[in-house]
Each structure stands twice: as structure tokens, then as C-alpha cells.
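**Q** Before I ask anything, here is the structure I am working with.
Coordinate-derived values only; no laboratory data. This is a predicted model, so every value here is computed, not measured. Reconstructed Cβ throughout: ideal geometry from the backbone, glycine too, with neighbour counts over all protein chains shown.
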Amino acid sequence: MRSGKVLTMLLCAWMGAGIWGCAQENKTQSEGDTTETEISSQTQATDTKNESEDEATKTTSENEIQDNKAFSANENISKGLLRKTVYALVSAAENSTLNYWSEYGYIQDIEDGRGYAAGIIGFTSGTGDLLEVIELYTKLSPGNALASYIPALKKVNGTESHEGLGEPFCKAWKEAAQKPAMIQAQNDVINEEYMDPAIQAACEDGLSPLGQYIYYDALVVHGNGDDTLSFGAIRNAAKEKAKTPAEGGNEATYLNAFLDARIPVMRAETAHADLSRIDAQRKFVKEKKFDLSLPLSFTMYGDPYDLTKEILDKAPDNF
């Protein structure tokens with residue numbers, strides 16, 4: 001059974017690779033074969049070559065560090081402004097708004113075969129996470145109006161059925177969403193099922209806040225696991241194409257491989273065939289927004305969005 005406590009995830013420290021220079025020995029020639037002038041000339045040529053190679057190595061290393069600069073940040077997407085940023089980005093895809101805090105009461109059947117989609121990330125009656133939210137809400141607030149629907153939610157789990165639910169259930173959900181206990185229940189299930197696993201996996205792979213968000217979004221849409229349509233399968237496929245930063249790879253290269261691997265999984269379902277999520281995330285990678293610094297401009301399903309700190313300053317601190 002769920003404890004109701006929010007898991008605290010610690011961001012793994014990123015350790016950058018050092019730049020190692022190799023000293024080269026000049027071969028010593030006999031005084032009879034080589035003059036001082038020749039030795040001086042050879043030494044200058046060698047020094048010039050070494051300086052050029054060192055500069056090229058330095059430039060390459062600086063570019064890689066620039067690409068991965070967010071690794072040294074002591075933050076992750078589970079808290080503060082970063083969490084609000086990620087919530088808003090996912091809300092644009094799930095609810096067509098950046099004002100995620102107004103979407104705890106959202107509920108609709110979007111006809112994707114998962115029954116009702118509800119709340120700020122679209123918990124569904126057909127996959128069981130909507131049931132988890134209501135069970136936790138009932139622990140936090142016994143005797144609530146949604147508690148009586150738990151048996152029906154257990155029966156429809158794994159289907160798109162509305163049996164035993166319907167309009168009365170939708171009304172009760174919207175009313176409950178105004179209460180702090182329901183907001184906490186949704187946030188706690190997000191932590192346990194999506195946010196914490198995303199941060200843990202990203203930490204193992206050496207990813208920045210952008211990478212954590214990309215993992216989180218994939219988990220929200222596809223769920224955890226290793227079947228062919230899950231987050232685990234996407235991650236494994238990406239690792240076959242590119243090294244993670246933890247393995248010494250470049251983050252931009254790896255994240256593009258992850259997004260490439262996600263495309264066929266998205267297209268496997270009609271409801272997710274639009275690749276706006278992928279396009280927006282790839283844009284952030286191209287812009288090197290590894291720290292998810294604001295503003296963030298993107299397009300989702302044909303609608304333009306500009307996510308700014310001014311917008312997120314309106315969001316409550318209710319995580």
C-alpha cells in the first residue's frame with residue numbers, strides 16, 4: 001500500500017572527464033649527425049604541433065562541457081521553478097495550457113482506449129493510475145465522494161469502459177480537485193510513478209534537467225517497463241545508438257537518439273501520432289537548453305507557446 005509520503009530524490013553528481021596531455025620525448029641524435037640549429041628547428045616544429053593539438057583538444061573539450069554544463073547544477077526537476085517548468089511543458093501537451101495548476105480537475109475521455117483521462121497529467125481509468133490517485137486521496141481524506149467509485153475503477157482497469165462511473169463520477173472528480181488533499185494525491189502519484197523514476201534513470205545516465213524532463217514526459221505517455229511500447233524499450237533502443245553522458249557520450253547526441261527511438265512508439269497509437277512533443281523537445285536540445293532556463297518557446301499541436309518566469313510566478317507552491 002502507498003505511504004502517501006513524497007519520495008525525495010537526490011541528483012547524482014556529474015563528474016567531468018579531465019583533459020590529459022601526453023608529453024612526447026624528442027629523440028636525441030648524436031652531435032655528429034645533427035647541428036644545434038637543426039635541433040632548435042625540430043624542437044620549435046614539435047612545440048608548434050603540440051600547441052595546435054592541445055588547442056584542438058581544448059576546444060573540443062570546451063564544446064562538450066558547454067553542451068553538458070547543466071550537469072554541475074545542484075538541482076533536479078522534482079522541486080521549485082524546474083518542477084513548475086516541467087509541469088507547464090507537459091500541461092501544454094496534455095491540456096493545451098501552460099496554467100497547469102488549473103487542470104487538477106480536468107476529466108475527459110479522449111478516445112485513446114484508456115477510458116477517462118483526468119488531472120494534470122491525464123491519469124487514466126484504463127491504466128490504473130487514476131485508481132491510485134483516488135485510493136491515496138481516500139487515505140488523506142476518508143469518506144470523500146470519490147471513495148465509492150473505487151470498486152468500479154478496479155473493474156474497468158485495463159479497459160476503456162465507463163461502467164459504474166459516468167457523469168456523476170466526473171462531477172465528483174471536479175469537485176474534489178478543489179481540495180488540497182486531492183492536489184497532494186495527484187502530486188504524490190506523479191512522484192512515485194513518473195517523476196522519481198525519471199530522475200533516477202536520468203541520474204544513472206548522467207542527464208541534465210532537460211534530459212530529466214524528456215524522460216519524465218516519455219514516462220507520462222508510455223509508462224514504465226520494458227515492453228516494446230514503454231519507456232524502458234525507448235531508453236534501451238537509444239542506448240544501442242548512442243552513449244549516454246555517464247558512458248562518456250555527448251548529451252545532445254544521446255537525447256536525439258532517445259527522441260528518434262520514441263517516434264515509432266508514438267506513432268503506434270493514433271492518439272499520439274502527432275509528434276509535437278518530440279519536435280518541441282528536439283528544439284530545446286538544439287538550443288542547448290540543458291538547464292531548462294526560461295523563456296522557452298515552442299509549438300504544440302499547431303499552437304505557439306512562450307513559457308516565461310512571469311507565468312510560473314502565478315503558480316502556487318503546492319508540491
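**Q** So for the pair Ala271, Glu167, with labels modelled 7 Å out along Cα→Cβ, what separation do we get in nm?
**A** Going from the Ala271 label point to the Glu167 one covers 2.3 nm.
**Q** Going through region 135-227, which GluC sites (Glu not before Pro) have at most 11 other Cβ atoms within 10 Å and a DSSP loop state?
**A** Values: sites: Glu135, Glu160, Glu163, Glu175, Glu192, Glu193, Glu204; in loops: Glu160, Glu163.
Qualifying residues, ordered by number: Glu163.
**Q** Once you've got the Cα coordinates, tell me which of Lys84/Lys243; Lys155/Lys309; Lys154/Lys314; Lys84/Lys155 are over 31 Å apart.
**A** Correct reply: Lys155/Lys309; Lys154/Lys314; Lys84/Lys155.
**Q** On to the next question. If we restrict to alpha carbons, what Rg and Dmax does region 195-319 come to, in Å?
**A** Radius of gyration, then largest Cα-Cα span, for region 195-319: 14.6, 42 Å.
**Q** Go ahead and run the numbers for FRET between Gln108 and Lys241, Cβ-Cβ distance against an R0 of 41 Å, rounding to 0.05.
**A** On the way: r = 36 Å, r/R0 = 0.89.
Computed FRET efficiency for Gln108 and Lys241 comes out at 0.65.
**Q** Here's a follow-up. Using only the Cα atoms of region 135-264, what are the Rg and Dmax in Å?
**A** 18.5, 54
**Q** Which GluC sites (Glu not before Pro) in region 247-319 sit in a loop by DSSP (not H, G, I, E or B) and have at most 14 other Cβ atoms within 10 Å of their own Cβ? Don't skip to the end; give the middle numbers.
**A** Details: sites: Glu247, Glu251, Glu269, Glu287, Glu310; in loops: Glu269, Glu287.
Taking region 247-319 and a limit of 14 other Cβ atoms within 10 Å, the loop GluC sites (Glu not before Pro) found are Glu269, Glu287.
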